[in-house]
Amino acid sequence: MTSDEGAGMTEEVAASEGERTVAFLLSLRAQGVRDLVVLRAMERVPRERFAPSRFADLARQDVSVPLLCGQTMTAPHTVAALLTALEMQPSARVLEVGTGSGYVSALLAAMGGEVVSLERYRTLALAAHERLSGNGYGQSVDLRHADGFQPDRTLGRFDRILVNGVAHAMPEALLMRLSPGGRLVGALRVEGVARRVVVTKAADGSFDHAMGPVVRLPPLAPGLARAL
């Protein structure tokens, strides 16, 4: 192969990658995603780099992807809806509960957040750390093997909290980590259905819970999974 042929193939690959990215973003817009900050982050962070290699061909589709430990990568449209509801601000201190693949952690960092991410499964935490480091986000995300449902005063307060899963009730430990004026986004199971919830904390310390549409997210369980 000549250098010209090699350069031509590189250009074709880049063009094909660009076309897939455009198609991916257009599919999100077609489903109602309009937040430009969210769309730009999803353009910058290739989902296939965080998906298990055997499912890389599904990464640009609006489907959830299986992970180890019985967990899943949430479908892109649902991720975008959660991030839009989070109303991220530049340099916001963000707590993520449920790191999973590390994809959403990278998106939060790409949106300008100072991210602390907690993952109860050691296997997932180690794999996510490798992916984040390999894609340039190792210094942007403080990833910890920890139970996000337990009190931890060393974590401090956060402007934004994203809970990547469904709970029966939002743990008090999480609400107490929210700064005045802060915002938490997650999902609650109500009458057997998972619905998005947005919790805002007022200056006087009171909380407002706003229930949103049905979402497809995995259930969250408390406790540290030391064996996995």
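The values are calculated or read from the model by the stated rules, or taken from the named source; none is laboratory data. Bear in mind the structure is a predicted one, so any value in this text is a computation, not a measurement. Backbone-built Cβ (ideal geometry, glycine too); neighbour counts: all protein chains shown. These area figures cover heavy atoms from the full protein model, side chains too; ligands, DNA and RNA do not enter into them. Shrake-Rupley method; radii C 1.70, N 1.55, O 1.52, S 1.80 Å.
Details
- Selection from Val45, Val65, Ala125 lying farthest towards where the dipole of the chain points positive, charges on Cβ: Ala125
- Overall form of region 115-161 per C-alpha gyration tensor (a/c, 1.5; a/b vs b/c): oblate
- Counting only DSSP H runs of at least 4 residues, each contributing -39500 (n - 2.57), and dividing by the residue count of the chain, the helix-based mean residue ellipticity at 222 nm comes to -10000 deg cm²/dmol.
- Asp35 accessible area, assembled protein chains, probe 1.4 Å, Å²: 50 Å²
- In the assembled protein chains, Val214 presents an accessible area of approximately 90 Å² (probe radius 1.4 Å).
- Whole-number D in µm²/s for region 1-155 (Stokes-Einstein; Kirkwood sum over Cα pairs; 4 °C, 1.567 mPa s): 79 µm²/s
- Amide proton proximity set for Leu178, modelled H, under 5 Å, gap of 5+: Phe158
- Per residue, the accessible area of the chain comes to 50 Å² when a 1.4 Å probe rolls over the protein heavy atoms.
- Taking all protein chains as they are arranged and a probe of 1.4 Å, the heavy atoms of His168 leave approximately 150 Å² accessible to solvent.
- Per-residue accessible area (protein heavy atoms, 1.4 Å probe) orders Arg34, Arg216 as Arg216, Arg34, starting from the largest.
- Rg and Dmax over the alpha-carbon atoms of region 73-214 stand at 14.1, 42 Å.
- Relative to the compact-globule estimate of 2.2 N^0.38 Å, the Cα radius of gyration of region 69-139 comes out at 1.05.
- For the chain: relative contact order, % (alpha-carbon pairs under 8 angstrom, 6 or more apart): 16 percent
- For region 165-228: rounded, prolate or oblate by the Cα gyration tensor [a/c cutoff 1.5]: oblate
- Among beta bridges identified by DSSP and lying wholly in the chain, the antiparallel ones come to about 40 percent.
- Amide H contacts of Ile161: Leu95, Arg183, Leu184, Val185, each under 5 Å away and 5 or more positions distant or on a separate chain (H built 1.01 Å from N in the peptide plane; Pro and chain starts excluded).
- Solvent-accessible area of the chain (1.4 angstrom probe, protein heavy atoms only): carbon and sulfur portion equals 52 percent.
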